Amino acid sequence: MAAPRYIRVDERDNVAVVVSPGGLPAGARFACGLVLTEAVPEAHKVALVDLAAGAAVVRYGVTIGYARRAIVRGSWVHEGLMDAPAVPALESCPLATATPDPLPPLEGFNFEGYRNPDGSVGTKNVLAISTTVQCVAATVQHAVRRIKAEILPRYANVDDVVALTHPYGCGVAIESPAAEVPIRTLRNLVLNPNFGGEVLLVSLGCEKLQPAQLVPAGALPVLADQPSISVLQDAQQGFGEMVASIMALAEKRLQRLNQRQRVTCPASDLVVGLQCGGSDALSGVTANPAVGIAADLLVRAGATVMFSEVTEVRDAAHLLTARAASPEVARDFLREMAWYDDYLRTGGVDRSANPTPGNKKGGLANVVEKAMGSIAKSGSTALRAVTGPGERVTQKGLVFAATPASDFICGTLQLAASMNMHVFTTGRGTPYGLAAVPVIKVSTNSGLAARWPDLIDVDAGRIAAGAATVEEVGWEIFRLILEVASGRHKTWSDRWGLHNELALFNPGPVT
C-alpha cells in the first residue's frame with residue numbers, strides 16, 4: 001500500500017491537501033510524523049498545526065478563511081469549520097507594482113492552420129450559420145441537420161457546420177445599456193477565426209435585433225449571385241422554401257471553405273482560452289499550475305492566452321493588478337471587477353454564491369480557495385490587456401477576458417473574443433465541448449482520468465502521485481495544443497461530437 005501523501009503548496013500554509021487516492025482513514029501517518037485524527041477524503045485539507053478559534057487558515061500562502069472553533073493538528077479542515085475572509089477592496093489593490101520581467105522568447109514552434117484574409121488563423125474550417133433571434137433557431141437547426149447529411153459529405157475540407165443559435169433578439173430591452181453585452185457577443189462570434197469569414201445569417205424579419213445591428217457593414221461577404229442573409233418571413237411557399245433557401249446559401253459558402261488549405265503558421269497565431277469547471281481542491285495543485293506552465297510557453301512563443309471567470313479571480317484581484325503590465329491595465333481589470341460586483345449586488349448575491357455542491361465535495365471550502373487555485377492557470381507572465389464581456393481580444397500575451405464563471409457562458413464569450421483553441425481543466429468531471437473550437441480537457445486527478453479515459457485528454461493527476469512534474473505536464477499540454485491546432489490529433493469531445501449549445505450572457509432586462 002502506498003504511503004499516505006499530502007501536498008503543501010506554500011511554506012506558509014498551515015493546511016495541506018490529501019492526495020492519496022480515495023482519501024485516508026483516521027490514524028494514517030505521514031512521513032513527517034503527522035497523524036490523522038479523523039478520516040480525510042481525497043483532495044480535502046488536513047491541519048498541519050493546531051489552530052485556535054479565529055485563527056487564519058492559510059493555503060497558497062494566503063488566508064482562505066478563519067477557524068470557527070479550535071482545530072486540532074491532523075484534523076479534517078472543511079467548509080463547516082471556516083468563515084471566509086472579506087473580499088479585497090478594489091480601491092486598495094496595487095497597480096503594476098510587481099510586473100514580471102519578460103520571459104525568454106520561445107522560437108521554432110509552429111502549427112498547421114487556416115490563414116484568413118484579416119491575418120487571423122483558424123484551427124478548424126467551419127461553416128457558421130448565425131441567427132438574429134431565437135424564433136429561427138429550430139428552423140436553422142433543422143436546416144443544419146440536412147446540410148450535414150446531404151451536402152457536407154461533398155466538401156471534404158470542411159470540418160463542420162455550426163448553428164449559432166441563442167435565446168435573444170426579441171422580447172428584450174434592446175436599447176438597454178446592458179444589451180451591449182449580448183449584441184456585441186453575437187456580432188463578434190461570427191468573426192471567430194475558425195469560421196473563415198464565410199458566415200451565413202438567418203433572420204426572422206420582425207425581430208428587435210435586426211441584421212444591420214448584428215453584423216457590421218462589410219463583415220459578411222456577398223457572393224455575386226447570393227446574399228449573406230436569409231429572411232424567413234420573405235418565404236412565399238412555407239417551411240420547405242425557408243429550409244431550401246438556407247441550404248442553397250450554405251452550399252455556396254461550403255464551396256469557398258472547401259478551397260482552403262492548412263498552411264504552416266507560427267505559434268504566435270494561437271489565441272488560447274483557458275477555463276475550469278467541476279473544480280476540486282486539486283485544481284490549484286495539478287491541472288491549473290500545469291496549464292499555467294503551458295500559458296507561459298505560449299506567451300513566450302508570442303501567442304495570446306485568455307483567462308476569464310470574474311467570480312473565480314475576484315478574491316485574487318490584488319495579486320493580478322500587481323502583475324499588470326501598466327497601471328492602465330490594472331485599472332481596466334479593476335473596472336471589470338467593479339462592474340461585476342455591481343451586477344451581483346443588483347441580483348441580491350455576492351461572489352460567495354459561486355462554489356457548487358460538487359466543488360465543496362471536492363474539497364474547495366469557499367470561493368477564496370477556489371480563486372487562488374483558478375488563477376494558477378494564468379501562469380507567471382505580466383497581464384497585458386483586459387477586455388469586457390463579448391469584446392474581441394487583439395493583444396498578444398496574457399489577457400483577462402471578463403466573463404461569468406458559468407462554463408458555457410464563459411466559453412461563448414471566449415469564442416467571441418477570437419479564441420481558436422480551448423483548454424479546460426476539471427476535477428469532478430464534465431463532458432463539456434464546443435463545436436467551433438477544439439477543447440482539450442485536463443483532469444486534476446488520475447481517478448477521473450481512469451473513470452473517463454474517453455473524455456479526458458490529459459491526466460494531470462500524475463503530478464499528485466509524483467509520477468510527473470508540473471513542468472512536464474505543462475510541456476505536454478503545450479505540445480498537444482500544437483498537435484490539435486494542426487488537425488493531427490482530435491480531442492475526445494470532437495471525436496464524440498460533444499458540442500454543447502452556446503449560452504449568451506444577457507445582464508439586461510427582458511420585456
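Read the figures in this text as sums done on the coordinates, not as results from a lab. Computed from a predicted structure; not experimentally measured. Don't worry about glycine lacking a Cβ; one is built from the backbone with ideal geometry, like all the others, and counts go over all protein chains shown.
Listed values, structure above:
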item	result
Cα centroid separation, segment 120-199 to segment 368-427 (Å)	22
Computed FRET value (nearest 0.05) for VAL510 with ARG479, which takes r as the C-beta separation and R₀ as 60 Å	0.85
In nm, spacing of pseudo-spin labels at LYS396 and ARG451 (7 Å Cα→C-beta vector)	4.3
Relative contact order of segment 274-496, pairs being alpha-carbon contacts under 8 Å that are 6 or more residues apart, as %	30
Rel. contact order, % - alpha carbon contacts under 8 angstrom, at least six apart, segment 111-257	32
Spacing of the two label points (7 Å from each Cα toward its C-beta) at TYR66 and ASP10, in nm	1.8
Too-long pairs where the Cα-Cα distance tops 24 Å, listed order kept, from LYS370/LYS490; LYS148/LYS396; LYS148/LYS252; LYS208/LYS252; LYS377/LYS441	LYS370/LYS490; LYS148/LYS396; LYS208/LYS252
Relative contact order [Cα under 8 Å, 6+ residues apart], the chain, whole percent	19
Packing-based ranking, highest mean first, of 392-404, 344-356, 93-105 given that Cβ atoms within 10 Å are counted	392-404, 344-356, 93-105
Simple Cβ-charge dipole of segment 1-85, Lys/Arg +1 and Asp/Glu -1, about Cα centre, in debye nearest 20	120
Dipole of the chain [Lys/Arg +1, Asp/Glu -1 at C-beta], most positive-end residue of VAL368, ALA281, ALA55	ALA281
Additional length obtainable on full extension of the chain from CYS32 to GLN255, 0.36 nm per residue less Cα span	73.7 nm
Listed values (1) 96, 62, 56; (2) 79, 46, 42; (3) 73, 51, 49, entry calculated as Cα extents along the principal axes in Å	(2)
Per residue, the convex hull volume that the Cα atoms of segment 111-257 enclose (Å³)	115
Pairwise centroid distance, computed over Cα atoms, of segment 253-267 with segment 275-337, Å	32
Packing rank of 48-55, 413-420, 469-476, where each peptide gets the mean count of other beta carbons within 10 Å, highest leading	413-420, 469-476, 48-55
Total formal charge among the other residues, if their Cβ is under 15 angstrom from that of ILE246, Lys/Arg +1 and Asp/Glu -1	0
Simple spin-label estimate for ASP342 and GLU472 in nanometres, 7 Å along Cα-Cβ	5.0
Computed FRET value (nearest 0.05) for SER352 with GLU107, which takes r as the C-beta separation and R₀ as 35 Å	0.20
